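The values are calculated or read from the model by the stated rules, or taken from the named source; none is laboratory data. Computed from a prediction, not measured in an experiment: that's the story for all the values here. A quick note on method: Cβ atoms are made from the backbone with ideal geometry, for glycine too, and the neighbour counts reach across all protein chains shown. Calculation scope for accessible area: heavy atoms of the full protein, side chains included, ligands and nucleic acids excluded. Shrake-Rupley method; radii C 1.70, N 1.55, O 1.52, S 1.80 Å.
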Amino acid sequence: EPMITMEFKNVISKLVWHVKGDYFASMAHNVQMTSQVLIHSIQRATTQKPFSQTKGIVTCVAFHPTKPNFFACTVKTVFQYNLQKQSIVAKYKSGSQWISSITIHPKGDNFVLGTYDKKVIWFDMDMGSEPYKNMKYHDKAIRDVSFHQGKWPLLASASDDGSLNIFYAMVYNDLLVNALVTPVKVLKNAHVPKDVGPAKLGAMTCEWHPNQPWLFTAGADGQVKLWV
């Protein structure tokens with residue numbers, strides 16, 4: 001039996017949990033309104049609307065792992081908000097045509113975007129609002145990106161070409177040393193692309209095990225896989 005049931009006025013396309021587990025955010029699909037993104041507290045049984053005005057349709061969201069900050073991506077721009085002060089902390093221009101996904105490094109100073117124009121874009125927030133690195137290793141749109149949230153320096157990207165790319169992604173404690181990002185493995189034909197409406201969709205999402213270097217993936221072929 002479900003412990004909590006919530007009903008929404010719009011179709012929900014994404015749920016994102018805060019690392020501490022009490023808060024989660026819901027994102028309605030493809031609607032431009034101030035209530036597209038809502039933040040919910042389980043302990044307090046409350047829901048809040050973090051944005052008083054819209055900057056465009058939100059495509060993906062994420063919590064900062066160590067600060068009371070929240071990331072919201074529109075088609076081309078990433079906004080970082082302070083939830084306590086309800087103000088914009090920083091704005092980042094992706095340089096891409098359409099942002100599909102975002103993942104925040106567990107140390108909190110770097111984030112990576114996946115885009116529908118086949119790019120993986122790395123931002124080092126200590127370097128300002130411009131991308132630190134642009135990578136293009138997929139043949140089709142990127143649906144999801146994921147940092148390992150434990151001790152393993154790993155990054156994964158999932159694409160409509162059906163493959164997963166695995167990167168060695170080391171972020172150093174020394175702020176004067178740039179992050180080291182190197183492709184190390186391609187999981188080719190991880191998921192068979194399928195025709196879904198007018199589009200051919202492949203690997204849809206990827207998520208790392210919290211402790212092990214194991215990757216969970218799901219695709220439009222209806223399969224969920226664990227890679228070890």
Problem set entry | Flag if Pro2 is in contact with a Leu (Cβ under 8 Å, 6 or more places away or on another chain) and either at pLDDT below 90 or open to solvent by less than 30 Å² (accessible area, probe 1.4 Å) (or both) | no
For this session: Tell me which residues, restricted to segment 109-138, are of a type in the set (Gly, Ala, Ser) and surrounded by 15 or more Cβ atoms within 10 Å (Cβ to Cβ).
Result: Gly114
Exercise. Just a yes or no: is a residue in segment 27-42 touching an Asp or Glu at 6+ places or on another chain (Cβ under 7 Å) and over 22 Å from His105 (Cα atoms)?
Worked result: yes
Seminar exercise, completed: Taking segment 217-228 and keeping only residues that are in a loop (DSSP other than H, G, I, E, B) and either closer than 20 Å to Leu154 by Cα or open to solvent by 80 Å² or more (accessible area, probe 1.4 Å) (or both), one is left with Gln223, Val228
Exercise. Out of Ser26, Ser13, which single residue is open to solvent by less than 20 Å² (accessible area, probe 1.4 Å) and either assigned to a strand (DSSP E or B) or closer than 21 Å to Ile142 by Cβ (or both)?
Worked result: Ser26
Seminar exercise, completed: Selection over segment 75-87 where residues are at pLDDT below 95 and at negative phi yields a count of 4
